[in-house]
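Here is the structure we will look at.
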């Protein structure tokens, strides 16, 4: 598959596919067409790119996804490893939520000290 086909099928831009390739998250081979070289992707890359987008949407960074993508491609990303990775990410997100909650409480207290009306306080849960 050409890069445009992968991008279109996965719902991402060609630049995203290029970035994932440059970072080693997906692989391609070179294909000669006339005087030009084209990146040729296996059809399975479409599902991998979709998986990368899902992982990013739940908080994984591209640098965190490097070793995960490598294990996935090698077929060594078993259920136990997936549970371990997801549990670690969940703990990270819960810690961030706790930090954000503390920040909201601080800001509420500051607004209260400054005599702000209740509507300007927002809802930080």
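If residue 106 satisfies every condition in (1) at pLDDT below 95; (2) more than 14 Å from the chain's Cα centre (by Cα); (3) more than 21 Å from residue 10 (Cβ to Cβ) but one, which is the exception? Looking at each condition in turn, residue 106 falls short on (1).
Scanning segment 16-43 for residues that are under 20 Å from the mean Cα position of the chain (by Cα) and either surrounded by fewer than 10 Cβ atoms within 10 Å (Cβ to Cβ) or closer than 17 Å to residue 4 by Cβ (or both) yields 16, 17, 18, 19, 20, 21, 22, 26.
All of 90, 65, 86, 25 fail the test of being assigned to a helix (DSSP H, G or I) and in contact (Cβ under 8 Å) with a residue 12 or more places away in the chain, apart from 65. With respect to the conditions (1) in contact with a helix residue (DSSP H, G or I) (Cβ under 8 Å, 6 or more places away or on another chain); (2) touching a residue at least 40 places away in the same chain (Cβ under 8 Å); (3) exposed (fewer than 15 other Cβ atoms within 10 Å of the Cβ); (4) under 27 Å from residue 94 (Cα atoms), residue 49 lacks only one, and its number is (3).
The values are calculated or read from the model by the stated rules, or taken from the named source; none is laboratory data. These numbers come from a predicted model, not from an experiment. Backbone-built Cβ (ideal geometry, glycine too); neighbour counts: all protein chains shown.
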